């Protein structure tokens, strides 16, 4: 099922640089094609419609794409409360544990405010200011993700964002409201502004807002205030909408299908590796699952374990499609050094290290959304209860971007304070540079402060 790629004979002889290796790995293990350009042709008219008609356009799009028209855009407080009341005890306990662990992990990301003394009487203070309002998108297609509520809301709360909004697609089996477990997670986190809107129309609602309006039956849809930042994964139409509205709002990333890479040697447990590859293939037929190993014997054992496990899983067709696609496979390398080069070139969303001295190997990783170290840190732990975030860069973008974090919702702001003496000490340099750039008024803004006799300090 999994294609096998043997790099042992050719590694180093056909790849002339790190960039060459990156190109080679992309060719050998191409990410699943996601045609955002084609999706944009569908999305742009939807965005224009939401811009023009607001809530009515969102409702019409929900009826068209989700097959259900929500009773209202904003989910009533009593519906949210009923969802948490109906939550199964074991799910409630698991969500509460996930929330508690996520708070600890994300609190560690808070940056410190620092004051730098540039000169006597001259300082630059680095402030970190939370954005005022964020919109958090929670998918609701092939799978339903109350865990994504936790992963989006907790870092925003830790950052101190005062206005937090969640939107998620309406569900036919929940009277047109978002998934009951998603609503329950919102309740446990204290989020009461929740909208029943998915897809591109949900993203447009967050970015553009909507004025108060009445429907044909006289029901009033209250105004929706636009947000400053939108985060959260979604399908290709969600991604296309985020791309189209970037600049109107900030976004976290353009999420593609999920992916896992496992770097393993002959000490790894084949059944553990097989279970982990299958766990991510369960998300989507386009998901990528890649094993990079120094051991042909482990590769054989993993293939046997995968074949044995798949018939016992719930989503056999989805998993089979993902594992047999060109984006998945087993790569055999001659050494851990070669394996590290391959996984750095691949830049996986999730990277597991199942080798001897796994901590030391993990410390050498340069490119990954998140790294899971050792036999007892599977990716699924990070999906729910590790204390890390599961909204991570995909499609190789871990080479230059990072996962959702507390700092996603914070803006660095420099506060400059200089007294008269401190300004005088650097005035000549400011004047010289402003003259060199033919911007003399810049220099005059400094010298004006010293032209009046007895100017105040």
Could you please find all residues in the range 33-54 being out of contact with any strand residue (DSSP E or B) (no Cβ under 8 Å at 6 or more places or on another chain) and outside any helix (DSSP H, G or I)? 33, 34, 35
Among the residues of the range 446-457, count how many are out of contact with any helix residue (DSSP H, G or I) (no Cβ under 7 Å at 6 or more places or on another chain) and surrounded by 11 or more Cβ atoms within 10 Å (Cβ to Cβ). 1
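What number of residues in the range 240-263 are part of a helix (DSSP H, G or I) and surrounded by fewer than 24 Cβ atoms within 10 Å (Cβ to Cβ)?
Step one: list which residues in the range 240-263 are part of a helix (DSSP H, G or I), which gives 240-245.
Next, from what is left, pick out any that are surrounded by fewer than 24 Cβ atoms within 10 Å (Cβ to Cβ): 243-245.
Residues in the range 240-263 being part of a helix (DSSP H, G or I) and surrounded by fewer than 24 Cβ atoms within 10 Å (Cβ to Cβ): 3 in total.
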I'm trying to understand the selection: among the residues of the range 420-444, which are loosely packed, with under 12 Cβ neighbours inside 10 Å and under 20 Å from residue 118 (Cβ atoms)? 429, 432
If I ask for residues that are farther than 22 Å from residue 381 by Cβ and without any contact (Cβ under 8 Å) to a residue 12 or more places away in the chain, which ones from the range 85-115 would you list? 85, 112, 115
Residue that is nearest to the chain's Cα centre (by Cα) [pool: residues in the range 377-395 that are more than 16 Å from residue 103 (Cα to Cα) and in contact (Cβ under 8 Å) with a residue 40 or more places away in the chain]: 392
Restricting attention to the range 344-390, report how many residues are out of contact with any strand residue (DSSP E or B) (no Cβ under 7 Å at 6 or more places or on another chain) and crowded, with 24+ Cβ neighbours inside 10 Å. 3
Within the range 118-147, restricting to residues that are out of contact with any strand residue (DSSP E or B) (no Cβ under 8 Å at 6 or more places or on another chain) and under 21 Å from residue 237 (Cβ atoms), the one that is surrounded by the most Cβ atoms within 10 Å (Cβ to Cβ) is 145
Which is more than 24 Å from residue 151 (Cα to Cα) and touching a residue at least 60 places away in the same chain (Cβ under 8 Å), of 290, 316? 290
Restricting the range 396-422 to residues that are over 12 Å from the mean Cα position of the chain (by Cα) and part of a loop (DSSP other than H, G, I, E, B), the one farthest from residue 235 (Cα to Cα) turns out to be 419
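A short reminder: the numbers here are calculations on the coordinates, not readings from a lab. Worth saying up front: this structure is predicted, and the values here are computed from it rather than measured. Cβ atoms come from the backbone with ideal geometry, glycine included; neighbour counts cover every protein chain shown.
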